[in-house]
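Accompanying notes for the structure given below.
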Amino acid sequence: MKKHLLIAFSLFALSSQASFAGSKTLIEYGVVQQSQVTTSQTRSHPLRTVAAGAAGAAIGNQFGGGSGKSIMTATGAVAGAQMSRNRQSQRQSAQTVDLTIKTDAGQIIDVVQDYDGRTAFNKGDKVRILTSGSSTTVDKSS
């Protein structure tokens, strides 16, 4: 028991050392040269829809009795399949924005990041570029 506790504690200590080291974020400023929003197209997964419908039917089958049980089973199947289709369509409509930026230092960089629909980037917008490790994000500069 003590041996397992020591191993678990050691693994925890080793895996959490990065949090003590801190991180550095490079901040640059620039001007948007080009901005393009794209919608990612992923293929649908009909087997997931069928599986979700089957799971919904199994859950619905737990309720009711007689013809009510059949209605609940069918309702569960339809609800499960619909939930799966909705989730898949949300994933398909994920958008990214591709920004070409000229930094104040004169470099031209390209950043692709998730687009949430709230912040539109236009040519000529002044932006702040945040780079931490291998992750770069852009927001509007104030």
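What follows is calculated from the coordinates using simple rules that are stated; it is not laboratory data. What you are looking at is a predicted structure, and each value in this text was computed from that prediction instead of being measured. Here the Cβ positions follow ideal geometry from the backbone for every residue, glycine too, while neighbour counts run over all protein chains shown.
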With label points built 7 Å along Cα→Cβ from the Cα atoms of Ser134 and Ile27, find their separation and express it in nm.
2.6 nm
What's the FRET efficiency of Ser141 with Ala54 using the Cβ-Cβ distance as r and R₀ = 41 Å, to the nearest 0.05?
0.20
Taking Lys123 as the anchor, which aspartates and glutamates have their alpha carbon closer than 17 Å to its alpha carbon, excluding any fewer than eight residues away along the same chain?
Asp98, Asp104, Asp110, Asp139
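Considering only DSSP states other than H, G, I, E and B, which trypsin sites (Lys or Arg not before Pro) in the range 53-122 qualify as loop sites with at most 13 other Cβ atoms within 10 Å?
Arg118
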Does the range 46-92 come out rounded, prolate or oblate by the C-alpha gyration tensor, with a ≥ b ≥ c the root eigenvalues, rounded set by a/c under 1.5 and, if not, prolate when a/b is larger than b/c and oblate if not?
prolate
Between Ala120 and Val78, what is the spin-label point distance in nm, taking each point 7 Å from the Cα along the Cα→C-beta axis?
4.0 nm
